[in-house]
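One structure is given here, and the rest of the page talks about it.
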Amino acid sequence: MTYRKRIVEQLLEASSEALKRAVAPYSRFKVGASLLADDGTVLTGCNIENPSLMLSICAEKVAIVKAISEGKKNIKAIMIKSSKGDYCPPCGACRQLIAEFAPEAEIYLAGKRGIKKYTIKELLPDAFKKD
Ligand code: THU
């Protein structure tokens, strides 16, 4: 198995596990995310909703803030999976987070029709950035 294939399988497994921990009683749309840091650490996130709906947090945002708060500066890959089997492309706010904190990451979307791979430049061209 190639290195990349192994990473994708590892992240798929981690995102599937994270999906089970999603708290989505309002949308009923569960999302699991995982990421790989350059030291080999895999961190996960799930969406967490709140009755005050604006407080709901996306799965990939949870994973990214966990990584940053743990000092993982170089995020190599991110995988997002939803409970419906449809692809769950990151929302606009999460794209902005990825552009800032994981600009080089390979972004994988898992769905029932397989796995799609993107870069943040494809998902958020001409991103607003500090430079
Ligand atoms: N959601 C994510 O977790 N990630 C995304 O990129 C898109 C949306 C969550 C937020 C909310 O809990 C549910 O999906 C429906 O919008």
Practice prompt. Being more than 20 Å from Val65 (Cβ to Cβ), part of a loop (DSSP other than H, G, I, E, B) and within 16 Å of the ligand (Cβ to nearest atom) is the filter; apply it to the range 1-35 and report the residue that is nearest to the chain's Cα centre (by Cα).
Written response: Phe29
Worksheet item: Can you tell me which of Glu17, Glu60 is surrounded by fewer than 23 Cβ atoms within 10 Å (Cβ to Cβ) and not β-branched (Val, Ile, Thr)?
Response: Glu17
Discussion item. Looking for something at pLDDT 95 or above, within 19 Å of Val65 (Cβ to Cβ), assigned to a helix (DSSP H, G or I) and among the charged types (D, E, K, R) - is there at least one such residue anywhere in the range 36-51?
Written reply: no
Discussion item. Report every pair of residues separated by at least 6 positions or lying on different chains whose Cβ atoms are under 6 Å apart, first residue within the range 24-50 and free of Cβ contacts under 8 Å to residues at least 12 places away in the same chain, second surrounded by fewer than 22 Cβ atoms within 10 Å (Cβ to Cβ) and part of a loop (DSSP other than H, G, I, E, B).
Written reply: Asn50/Ser56
Worksheet item: What are the residue pairs meeting all of these: first residue in the range 113-124, first residue farther than 17 Å from Lys5 by Cα, second residue not in a loop (DSSP other than H, G, I, E, B), Cβ atoms under 6 Å, and 6 or more apart or on different chains?
Response: Ile120/Ile98; Ile120/Ala99; Leu123/Arg95; Leu124/Arg95; Leu124/Ala99
Fill in: Inter-residue pairs, beta-carbon under 7 Å, first closer than 17 Å to Phe29 by Cα and in the range 57-77, second in a helix (DSSP H, G or I) and among the hydrophobic types (A, V, I, L, M, F, W, C), 6+ apart
Cys58/Cys94; Ala59/Ala18; Glu60/Cys94; Lys61/Cys94; Lys61/Leu97
Worksheet entry | Number of the exception - Gly85 against (1) within 24 Å of Glu122 (Cα to Cα); (2) within 11 Å of the ligand (Cβ to nearest atom) | (2)
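The values are calculated or read from the model by the stated rules, or taken from the named source; none is laboratory data. These numbers come from a predicted model, not from an experiment. As a convention, Cβ positions derive from the backbone with ideal geometry for all residues, glycine included, and neighbour counts pool all protein chains shown.
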